[in-house]
Amino acid sequence: LCAAVPLKDMKLMDVKLGQLSTWLAMRDFTPGGIAGAVRRGYDRYFNKYINVKKGGLGGVSMVLASYVVLSYIWSYSHI
């Protein structure tokens, strides 16, 4: 049988709805903790879409599309 993973070490997608508040209370919301989470997310994105042996345009096109949407929002903030 597989060993149970402690709630603190679970990923967000594995947490049940009833455990969400407890899981959030265990997160590190200090500036260092937030920076670490952003870094881990960037590393995961980079390794999945950019740093691959046979890559496509998927990762780069997502970054480009995000930039276009963000620029549009900044340029037309009055809408």
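The values are calculated or read from the model by the stated rules, or taken from the named source; none is laboratory data. In this text the structure is predicted, and so the values were computed from the model without any measurement. Protein only, heavy atoms only, side chains kept; ligands, DNA and RNA dropped before computing areas. Shrake-Rupley method; radii C 1.70, N 1.55, O 1.52, S 1.80 Å.
How tilted is helix 31-45 with respect to the longest principal axis of the chain? Cα atoms for both, answer in degrees (0 to 90, nearest 10).
Between the helix axis and the principal axis of the chain, the angle is about 70 degrees.
Pop out the carbon and sulfur fraction of the accessible area of the chain as a percent, whole number, probe 1.4 Å.
Details: 4780 of 7230 Å².
Carbon with sulfur: 66 percent of the solvent-accessible area.
Tell me, what does the Kirkwood hydrodynamic radius of the chain come to in angstroms if you use every pair of distinct C-alpha atoms?
Evaluated on the chain, it is 16.0 Å.
Given H placed 1.01 Å from N in the peptide plane, which residues other than close sequence neighbours of Met10 have an amide H under 5 Å from its amide H?
none
Per residue, how much accessible area does the chain show when a 1.4 Å probe rolls over the protein heavy atoms, in square angstrom?
Values: 7230 Å² over 79 residues.
Per residue, the chain has 92 Å² of solvent-accessible surface.
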